[in-house]
Amino acid sequence: MDHLAHVSNLRSSQSQTQISHLALDIGGSLIKLVYFCRYDDSCRDDGDELRSQNDSLCSKSDNNQPVLEGRLHFAKFETSKINDCLDFLRSMKLCLGVNSGSHDGTAPPSDKIFIKATGGGAYKFADLFKEKLGVSLDKEDEMECLVTGANFLLKAVHQEAFTYLDGQKEFVQIDPNDLYPYLLVNIGSGVSMIKVDGDGKFERVSGTSLGGGTFWGLGRLLTKCKNFDELLELSHQGNNRIVDMLVGDIYGGTDYAKIGLSSTTIASSFGKAISDSKELEDYQPEDVSRSLLRMISNNIGQISYLNALRFGLKRIFFAGFFIRGHAYTMDTISVAVNFWSKGEAKAMFLRHEGFLGALGAFMSYEKQCLDGLMVHKMQQKFPISASSAGDNIYCSLSSNSDENGSIECTVYGT
Ligand SMILES: Nc1ncnc2c1ncn2[C@@H]1O[C@H](COP(=O)(O)OP(=O)(O)O)[C@@H](O)[C@H]1O
Ligand SMILES: CC(C)(COP(=O)(O)O)[C@@H](O)C(=O)NCCC(=O)O
């Protein structure tokens, strides 16, 4: 489902749902939203099947805390179209406090409303949110949020991580007690590489400015594509060998076997564009797109592997919206990691790839009250212990999830 259709569906269902918590990740390219929708009587088309698993929609937990049952929803907007995001939030009335979780139904004064936000835009657009919606952004550290989001997804959500090689997607069973250490590679506009050793225990060990923004930015200039999906779609049909200089092009069609390079290995990305006396117009945009995608993905795969090697890490999880669940991107990254590590390290991908930061910001409500409502913990329906304190996370991936995969969960209030 495209994002506009997704948003329009959200709009049509928003009057039926009660949105009690929201968190934002405002990145260089995209704004990501995670919000919790309580089930209520009018929320039938959004999880009948799931609702029937629960006897009550708002009950009390063993220690007498109010329990809200509902789902985590995901949405995204282009950062350059932040006004669409503001309109969306305004239309949800969330920012006016109408649905912000006050139990007596009264709206808090707008200057008391805080929304958890992370990413550079939490700083850049703080005044805009205040001016347009009257809410303050409660800033959370981006790296911390990425790690919190990744740990949550990996420990709590069934079938979150998967490998992708030779067109085969395979879900990976994660043992929450044997998760660390791992390397988290977040491919957003730029790329951050984070060594994760535990809940809240991490170090950003590397990064590269050649990331998703580079692919989209260069791709837009070189192909005249109007949007990211179009550029990605183009790459399906392209042949990078028209643009890239291969080992075989240099070695007269043969391998350079002595150093382990086959004739089809890319010797120089975009190398043919130098030696040919062609202009940009002489190249097919699909070939350019494919070459660009391969160049960026290969490079990230290689740097990731080198950092994994540096710290002796065997597992590398790739996230960020550059990936977009795109087969060729994942395949290229996987092959790069596999090739350089001689099969020792494994590239894995996450279903909720682009929402780690927003999820992390959402989870940070745990630390603080909003409207007298506190998210203490989310327990998982699977018998997996997930939080740092060893609490159970109560959360399951919805069976009728859309492309952004809403997650059923329970929130414990004070
Ligand atoms: N609809 C889209 N518009 C723009 N970029 C997109 C879109 N979908 C995926 N992308 C890719 O995702 C990248 C942004 O990923 P994201 O994880 O959201 O990072 P950031 O936090 O920097 O915005 C873009 O640079 C681009 O490569
Ligand atoms: C500055 C950033 C953390 C911002 O995150 P983003 O919006 O790209 O997701 C990221 O772009 C990054 O890590 N860039 C690479 C910088 C470098 O290490 O060279």
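Only the coordinates and a few stated rules stand behind these numbers; no lab work does. Since the structure is predicted, the reported quantities are computational estimates derived from the model, not experimental observations. FYI the Cβ positions are ideal-geometry reconstructions off the backbone, even for glycines, and counts take in every protein chain you see.
Here are a few things to note about the model shown:
- Taking amide H positions as modeled 1.01 Å from N, with prolines and chain starts lacking one, the residues under 5 Å from TYR182 and 5 or more places away or on another chain are VAL196.
- Proximal charge balance of LYS314 [Cβ under 9 Å; K/R count +1, D/E count -1]: +1
- Compactness of the stretch 139-210 is given as radius of gyration and Dmax, 13.1, 41 Å, from Cα positions.
- Of LYS132/LYS224; LYS81/LYS139; LYS32/LYS342, pairs whose Cα-Cα distance is over 24 Å: LYS132/LYS224; LYS32/LYS342
- Overall form of the stretch 270-372 per C-alpha gyration tensor (a/c, 1.5; a/b vs b/c): oblate
- Here the stretch 145-264 is treated as an ellipsoid with the same Cα gyration tensor; its semi-axes, largest first and in whole Å, are 34, 21, 16.
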